[in-house]
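Working notes, structure below.
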Amino acid sequence: MLQAEIKGLKKSFDKQVILKKVGLQIERGEVVCIIGPSGSGKTTFLRCLNLLEQPDAGSYSIGDFQYDLAHIGKTQRLEIARKTAMVFQSYEQFSHMNVLQNVAEGLRTPRRFPKKLAEKAALSALEKVGLADKAMMYPSQLSGGQQQRVGIARAMALTPELLLFDEPTSALDPELVGDVLNVMKQLADSGQTMIIVTHEMQFAQEVADKVIFMADGVVVEAGTPEEIFEDPQEERTQQFLTQVRFQLAV
């Protein structure tokens, strides 16, 4: 069953075209990993999907709702915000709030949950990422990996239809990456619909139902992990994967 569909998404900054008619279909419970070189538009694509950036053109459907991205009103923005959540490269947490408060804040302020109900949902999300025992600690007292898992818990607490990840391990020391990826694998196994921009190729091979290769603002190639990593058809995809494998071998 189709969860979301994006057609003809365009985005420019100061006359520089970043996204050129990007499209994507994602089924309910599917995990889509987006790979590609820096500057290919991957992060901008994600930010357009939850309207952190305003697209110039394109259509967007989530469930039974359809939107013209070039003409989005306040009500439509709120609808999309309630259906999506994003985990960022940086941890994006309030330093003056403890972990529980950070996770609950997204439920209290935008969604107006009562404090006790918001904190109950937040604690449940923290349990799922293995951090319930850190609920009263502050972000500065946590490792980078733990802070990123708090970020995942905050997004999970919103129970989004579509969960977006923007290279969630890129700011982590190598020894901290595994715990974050394990939480994401558990989310995938639970049936959460996810779009993940990642440079972790092995993770994409193991977890993704579909892999998208982007370059120069377009989707160059899409397919199963086996199709993309073992038998890519496009020369640009082949070049990128050859370079990635060379870097890993060094």
The residue that is farthest from residue 151 (Cα to Cα), considering only those in the stretch 164-187 that are open to solvent by less than 10 Å² (accessible area, probe 1.4 Å) and in a loop (DSSP other than H, G, I, E, B), is 169
Tabulated pairs, the stretch 40-57, first under 11 Å from residue 195 (Cα atoms), second among the hydroxyl-bearing types (Ser, Thr, Tyr) and outside any loop (DSSP other than H, G, I, E, B), C-beta under 8 angstrom, 6+ apart or interchain
49/60; 49/84
Failed condition for residue 77, given (1) loosely packed, with under 15 Cβ neighbours inside 10 Å; (2) in contact with a Leu (Cβ under 7 Å, 6 or more places away or on another chain); (3) under 30 Å from residue 140 (Cβ atoms):
(3)
Subset of the stretch 135-152, residues surrounded by fewer than 16 Cβ atoms within 10 Å (Cβ to Cβ), outside any helix (DSSP H, G or I) and modelled with pLDDT of 95 or more, comes to 136, 137
Return the pair list, or none, for Cβ contacts closer than 7 Å from residues in the stretch 98-116 that are aromatic (Phe, Trp, Tyr) to residues that are open to solvent by 60 Å² or more (accessible area, probe 1.4 Å) and not in a helix (DSSP H, G or I), at least 6 apart or on different chains.
none
Residue that is surrounded by the fewest Cβ atoms within 10 Å (Cβ to Cβ), among those in the stretch 116-134 that are more than 19 Å from residue 186 (Cβ to Cβ) and not basic (Lys, Arg):
117
Which of (1) under 23 Å from residue 163 (Cα atoms); (2) modelled with pLDDT under 95; (3) touching a helix residue (DSSP H, G or I) at 6+ places or on another chain (Cβ under 8 Å) does residue 244 not meet, given it meets every other one?
(1)
Do you know which of the residues in the stretch 9-56 that are at positive phi and touching a strand residue (DSSP E or B) at 6+ places or on another chain (Cβ under 8 Å) is most open to solvent (accessible area, probe 1.4 Å)?
21
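The values are calculated or read from the model by the stated rules, or taken from the named source; none is laboratory data. Note that the structure is a prediction, hence the values are computed from the model and not measured. Ideal geometry is used to build each Cβ from the backbone, glycine not excepted, and the neighbour counts take in all protein chains shown. Please note that ligands, DNA and RNA were not included when accessible areas were found on the heavy atoms of the full protein model with its side chains. Shrake-Rupley method; radii C 1.70, N 1.55, O 1.52, S 1.80 Å.
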